[in-house]
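Student: Here it is, the structure, as structure tokens.
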Amino acid sequence: MIGGGQAGLAAGYYLRRQNLDFVILDAQPTPGGAWQHTWDSLRLFSPAAYSSLPGWLMPAQDGAEYPDSDHVVQYLSAYEQRYSLPIQRPVRVQAVHRAGEWLRVETDTDVWSARAVVSATGTWRRPFLPGVPGREAFGGRQLHTVQYRNPGEFTGQRVIVVGGGNSGAQIAADLAPHTDLTWVTQRPARFLANDIDGRALFDAATARRRALDTGDTDTGGVASLGDIVAVAPVRAARDAGLLKAQPMFARLTEDGAEWADGTRAEAAAVIWCTGFRPALSHLAPLGLRGDGGHIATDGTRSVNESRVHLLGYGDWTGPASATLIGVGRPARDAVREIADLLA
């Protein structure tokens, strides 16, 4: 197993139930996966009980319907201990090679041999920055979602936040009362209805996958509902008129941004909430990427290397598999296939 975040732990739970011999190699020095690196005000979209890994419901957080990231880290740490998962950290996997009937897993500390490998490294280590004209010329500060913590260091400054998803809206809402904010999105911001949270999103993602698997009409999944969950801080900022999305600018300038019509906005900082790409460089020696750089999968199993499973990277490796509640089902299915392979 490569990766000790939520996807790795979910697979570890099922591997333990199958009594298989396994190890989890985690690049992080401490438990919690990407959750230990999020911005301070981040909260889950769902109550604790609906944000749980298989086998053990996440305990509620005192005084909070929607737990914060610190609570998630505590839960993941306790989950490891509860199921005695064999995790070695910090161990960074550098490459996976074929070695006859085995796979050779090379790390920065050792070399392992495995009959099967589950890659569960997520996306947090691979932030995406778009190729916007003028990005190199901008004289202010540029950072990605992964580097943002709180509004304190931006108080009183002109700040541009780029991105119309949940991270963009939440960080914009975090900054709005403290900065001169410009929030830009590729298309008009689409807020979900106030009563929709992670429970409804998981159901929508699952219904879409079932429809696609059975050849029925595509339901549109989560994208058909909107892009932004109206969590309390986002809803409050929106209703107060502090979240007004502007269209995407055409270029960055030395001191800000410029739109196609010549409109300009000065900025001391640009925060790119523009998403991530799967962190899969360790699988490059296997040559699994096809057209467009995508790794073809059947469920979680690589089409071109049946001993490799990819878990937790989004809908292409299981409905809502990049979420706490959604990763359990594809993790279970992946482990069943591995058990069959080893048998």
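Student: Trypsin sites (Lys or Arg not before Pro), restricted to the stretch 240-304: which are DSSP loop and have at most 13 other Cβ atoms within 10 Å? Let's see the in-between values first.
Tutor: Details: sites: LYS244, ARG251, ARG264, ARG289, ARG301; in loops: LYS244.
Here the sparse-neighbourhood loop sites are LYS244.
Student: PRO278: net charge of surrounding residues, Cβ under 13 Å, Lys/Arg +1, Asp/Glu -1, itself excluded?
Tutor: +3
Student: Using a Förster radius of 41 Å, what is the FRET efficiency between LYS244 and THR30 based on their Cβ-Cβ separation? Nearest 0.05, please.
Tutor: 0.55
Student: Further question on the same structure: Which one, VAL146, TRP102, SER119, projects farthest toward the positive side of the charge dipole computed for the stretch 97-153 from Cβ point charges (K/R +1, D/E -1)?
Tutor: With unit charges placed on the Cβ atoms, the residue in question is VAL146.
Student: Can you compute the helix-only [θ] at 222 nm over the chain? Use -39500 (n - 2.57) per DSSP H run of at least 4 residues, normalise by all residues, nearest 500 deg cm²/dmol.
Tutor: Working: 6 runs with 75 residues, N = 343.
So the calculated ellipticity at 222 nm is -7000 deg cm²/dmol.
Student: Name the residue farthest towards the positive end of the dipole of the chain from the options MET1, ALA49, TYR66, assuming +1 on Cβ of Lys and Arg, -1 on Cβ of Asp and Glu, about the Cα centre.
Tutor: Positive-end residue among those listed: MET1.
Student: Follow-up question, since we're still on this one. Among GLY299, GLY164, GLY262, which one shows the highest mean-square fluctuation when the chain is modelled as a Gaussian network with alpha-carbon springs under 10 Å?
Tutor: Per the Cα network of the chain with a 10 Å cutoff, GLY262 tops the list.
Student: Give, as ranges by residue number, the residues of the stretch 88-106 whose backbone N falls under 14 Å from the point 7 Å along Cα→Cβ of ARG115.
Tutor: Once the point is set 7 Å along Cα→Cβ of ARG115, 101-103 turn out to lie under 14 Å by backbone N, inside the stretch 88-106.
Student: Assign unit charges at the C-beta atoms only (+1 for Lys and Arg, -1 for Asp and Glu), then state the dipole size of the chain relative to its Cα centre in Debye, rounded to the nearest 20.
Tutor: That gives the chain a dipole magnitude of about 440 debye.
Student: Moving to a separate point now. Taking Rh as the Kirkwood radius, which is the inverse of the mean 1/r over Cα pairs, what is the Rg/Rh value for the chain?
Tutor: In the chain, Rg relative to Rh is 0.98.
Student: Now, a different point. Where does the longest stretch of the chain lie that holds no GluC sites (Glu not before Pro) found in a DSSP loop with 11 or fewer other Cβ atoms within 10 Å?
Tutor: Result for the longest clean stretch: 137-253.
Student: Could you give me the ³J(HN,Hα) list for the stretch 104-115, computed from phi with Karplus coefficients 6.51, -1.76, 1.60 and θ = phi - 60°, whole Hz, x at Gly and Pro?
Tutor: For the stretch 104-115, the Karplus curve yields 9, 10, 9, 10, 7, 10, 6, 10, 10, 10, 9, 7 Hz.
Student: Another question, then. Which net charge results for the neighbourhood of SER119, defined as the other residues with beta-carbon distances under 12 angstrom from its beta-carbon, given Lys and Arg at +1 and Asp and Glu at -1? Can you show the working numbers first?
Tutor: On the way: positive: ARG301, ARG307; negative: GLU305.
Counting the neighbours of SER119, the net charge comes to +1.
Student: How far apart, in nm, are two points set 7 Å out from the Cα along the Cα-to-Cβ line at ALA64 and at ARG141?
Tutor: In this crude spin-label approximation the distance works out to 2.4 nm.
Student: Moving on. Cβ under 13 Å from GLY32's Cβ, GLY32 left aside: what net charge do those residues give with Lys, Arg +1 and Asp, Glu -1?
Tutor: Taking every other residue near GLY32 into account, the sum is -3.
Student: On to the next question. Considering the options HIS282, GLY312, GLY293, tell which one lies farthest towards the positive end of the dipole of the stretch 229-333, charges being +1 on Lys and Arg and -1 on Asp and Glu at the Cβ, about the Cα centre.
Tutor: Most positive-ward Cα: GLY312.
Student: Going out from 0 in 5 Å bins, what whole percent of all Cα-Cα distances in the stretch 1-83 drops into each bin?
Tutor: In whole percents, the pair-distance histogram is 3, 15, 26, 24, 17, 10, 4, 1, 0.
Student: For ARG104 paired with ALA193, estimate the spin-label separation in nm (one decimal), with each label point 7 Å from Cα along the Cα-to-Cβ line.
Tutor: Between ARG104 and ALA193, the label points sit 5.7 nm apart.
Computed from the coordinates by the stated procedures, all read-outs in this text should not be read as laboratory data. Small disclaimer: the values here were computed from a predicted structure and weren't measured. For neighbour counting, all protein chains shown are included, and Cβ atoms are generated from backbone atoms with ideal geometry for every residue, glycine included.
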